[in-house]
């Protein structure tokens, strides 16, 4: 089912809503450090971007993305991932919108935007190997499983990727 999904620029006034979402049981299960995520949203690192996911104008989720350096990739054992790949993080905070295809639609909007930058070789998402709902959503958006790995502090995770071929 298609919904009118849009990506709205994140504003500091969205912090309370993001905090509420990060503490919601269906999100908190996967986001063990909510304050860290909130701090990132309020003061993203250089090159870090974020948006609120809206459905018919209602704010229902959050999306963030950032180009990842070679140093960071190597530090978590992802030596095969090219530098300047973009790491994406997404959550649907309003539980009534989970499983309704909102995440894949939001990801498709972001993918369309990121394809405009020809220097980005790859998009990646990391999720717990136990978060099957997220895995289904990412596959629906066009991501494929690359491999499992163990980033510090997160347990066993699945790295899912999408190559951005800029060939004509």
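Nothing in this text is a laboratory measurement; each read-out follows from the coordinates by a stated rule. Just so it is clear, the model here is predicted, and its values are computed rather than measured. Don't worry about glycine lacking a Cβ; one is built from the backbone with ideal geometry, like all the others, and counts go over all protein chains shown.
Computed quantities for the displayed model
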quantity	calculated
Approximate spin-label separation residue 4-residue 118, in nm, with each point projected 7 Å along Cα-to-Cβ	3.6 nm
Contact order normalised by residue count of the range 66-168, Cα under 8 Å, 6+ apart, percent	26 percent
Sorted by Cβ neighbour density within 10 Å, fewest at the top, the residues 5, 60, 95	95, 5, 60
Three-way shape label, the range 5-121, alpha-carbon gyration tensor, a/c 1.5	prolate
